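Heads up: the structure comes next, in structure tokens.
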Amino acid sequence: MSDAYDRNRRRRRRDRNDYGKHNEDVSPTLATPAPSKPPVTILGLAKPTRVPSTTAVVDYPASNFSNTTSEVDSSDSSFHQNVSLDHAIGDTPTSDKPAVVVLSSLSSDSKSHLTPSKSNEIDSAESRSNLDESLHSSEENAVSSKRTTVPSSVGNIISGVIDQGAQTQLKLAPPLEKQVKIKLIDDNFQWCESGVDLMLEQTDFLVVGAIGLQGCGKSTLLSLLAGNTHQDAYRNYFFFPQTKEAKEECLFQTSGIDMFVTSERIILLDTQPLLSASMMDCLLRYERKFPSEYTSLQNFIEMQSMQLLTFLLSVCNIILIADDWFIDINFLRLIQDAEMLKPSTQPPSATADNISSSKEDTLDFYPTVIFVHNKATREDFTPDTYFSMQQILHKIFISSKLKIHSGINMTDNAIHDSIIPTPPGAEEDPATSLNLLLIPQMEFYKSEPEWLQTTLPEYRGYPSFNTILSFFRSQILSAPRSPMTHATLTEKNWYHFAARMWETVKKSSLLAEYNRLLSSTA
């Protein structure tokens with residue numbers, strides 16, 4: 001009897017081998033039979049067996065499911081008969097925990113690959129599972145906590161469902177690439193067309209250029225205007241300032257004209273230093289030849305400075321004239337000469353013979369000029385010293401058509417409180433409206449400030465750098481803007497207009513005559 005029972009047990013185990021039913025041989029004479037492997041239930045394909053014990057979910061190797069869809073229907077009835085026979089023979093049902101294998105819901109495409117009989121059986125099994133949904137809620141909750149991985153076609157179905165769900169999720173916009181400066185005019189004084197990609201078809205923009213001698217802080221001022229602060233590292237500046245090595249060797253940092261466009265649509269133009277002896281030394285050191293129309297290297301450098309000045313006076317709404325020790329008479333005379341040699345921005349029809357010269361002057365464009373005294377000291381912020389600076393610049397440019405009296409100065413209180421009060425009795429002087437801004441030496445924060453400085457701050461004689469920087473930005477951005485041409489320009493139209501003006505400057509007969517006069521006087 002025992003041998004026949006063992007043979008039947010081994011035969012049933014071989015029949016159920018693909019479903020992982022590996023029960024240990026148990027003798028009926030033993031008081032406590034060994035636990036058997038739990039039955040397997042395929043949700044959606046067969047009705048699970050009701051066992052009074054707690055439902056558990058187990059993981060089976062992927063190899064046991066290679067032919068799941070072809071074997072589940074043929075073994076369904078024998079599978080339940082064997083389970084009932086095990087319980088009748090003497091296996092303890094309370095020690096069994098049915099294993100549940102979850103298959104993803106098959107789509108219509110995957111069902112079409114099955115045979116018609118299989119598809120019908122799957123549909124009927126799905127209907128049975130829907131009817132018994134309330135009855136088997138505990139088993140389905142346990143299944144959701146842990147699932148086995150199925151291979152081949154079923155795995156492809158699952159991956160397809162995951163991909164479809166991923167497409168419906170909200171996608172974040174890609175991060176904007178950090179914009180960098182580009183060349184508007186290269187080292188050889190040739191126009192660059194790469195900047196047209198940054199231009200938009202809109203008219204609300206502002207063009208700000210900076211000119212000055214070498215090392216006066218043109219690039220730093222434009223970077224501060226664009227959004228940098230004194231706490232930023234120099235490598236994060238939009239326009240790279242002079243490095244320590246460049247200062248020690250008296251080298252220049254910028255060549256030609258660099259352009260940067262901010263998110264507020266402010267077009268910033270940084271130029272190479274004017275009247276730079278360092279550029280002359282660079283040409284001599286590398287034995288570069290200058291054009292034959294210039295008699296000397298000194299004339300060539302001065303003519304390059306004149307070309308840059310006349311170009312910026314024609315295409316900029318605002319020009320910052322930067323200096324670091326207030327005044328250089330040769331530099332100011334060069335600006336006056338550039339104003340006379342500046343080409344007209346109006347079309348030829350506006351300068352007909354029947355229009356007087358005074359009418360021509362009123363039609364021509366002149367930008368707003370702001371003098372910026374960089375690296376100002378404590379004495380420069382006193383009311384008397386500041387008013388003396390305004391008087392000197394007013395007398396030098398008294399006959400200039402440049403817009404230098406727009407009230408953009410440290411005494412203006414239209415937007416913020418004035419930084420420097422107006423001296424008594426000077427309120428009616430026209431020099432008080434001259435455009436002059438002061439920028440003190442940059443403050444660099446220490447990693448560990450001294451206790452005395454935090455308790456009792458140092459007396460500077462002027463507000464903090466952050467306060468003056470905010471005042472500097474608000475004054476420049478609120479400056480009046482005059483139209484460059486008779487028609488309203490968009491950004492792209494301005495770019496093409498600037499390209500034409502650069503070609504006009506290079507072919508200007510006035511500049512050629514100025515070069516001839518320089519050669520004769522030399």
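The values are calculated or read from the model by the stated rules, or taken from the named source; none is laboratory data. Remember, it's a predicted structure, so these values are computed and weren't measured experimentally. Quick reminder, even Gly has a Cβ in these numbers, built from the backbone with ideal geometry, and neighbours come from all protein chains shown. We work out accessible area using only protein heavy atoms, side chains counted, and drop any ligands, DNA or RNA first. Shrake-Rupley method; radii C 1.70, N 1.55, O 1.52, S 1.80 Å.
The table that follows gives values for the structure above.
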| read-out | value |
| --- | --- |
| Some residue of region 488-508 being among the acidic types (D, E) and open to solvent by less than 70 Å² (accessible area, probe 1.4 Å) | yes |
| Failed item in (1) modelled with pLDDT under 95; (2) crowded, with 17+ Cβ neighbours inside 10 Å, with F371 passing the rest | (1) |
| Residues (open to solvent by less than 90 Å² (accessible area, probe 1.4 Å) and modelled with pLDDT of 80 or more) located in region 161-189 | K181, I182, K183, L184, I185, D186, F189 |
| Filtered residues of region 188-209 (kept if without any contact (Cβ under 8 Å) to a residue 12 or more places away in the chain and in contact with a Leu (Cβ under 7 Å, 6 or more places away or on another chain)) | C192 |
| Residue tally, condition of a type in the set (D, E, K, R), within 41 Å of the chain's Cα centre (by Cα) and either buried (at least 16 other Cβ atoms within 10 Å of the Cβ) or within 13 Å of T422 (Cβ to Cβ) (or both), over region 383-406 | 1 |
| Number of positions in region 462-477 that are surrounded by 14 or more Cβ atoms within 10 Å (Cβ to Cβ) and assigned to a loop (DSSP other than H, G, I, E, B) | 2 |
| Residue list for region 328-342, filter: assigned to a loop (DSSP other than H, G, I, E, B) and crowded, with 18+ Cβ neighbours inside 10 Å | K342 |
| Test: I211 is surrounded by 12 or more Cβ atoms within 10 Å (Cβ to Cβ), modelled with pLDDT of 90 or more, within 20 Å of the chain's Cα centre (by Cα) and among the β-branched types (V, I, T) | no |
| Set T295, T271: member being under 21 Å from L320 (Cβ atoms) and touching a helix residue (DSSP H, G or I) at 6+ places or on another chain (Cβ under 8 Å) | T271 |
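To keep it simple, each residue is scored yes or no on (1) more than 28 Å from the chain's Cα centre (by Cα); (2) at pLDDT 85 or above; (3) under 29 Å from F397 (Cβ atoms).
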site: D429; (1), (2), (3): yes, yes, yes
site: P440; (1), (2), (3): yes, yes, yes
site: S447; (1), (2), (3): yes, no, no
site: S474; (1), (2), (3): no, yes, yes
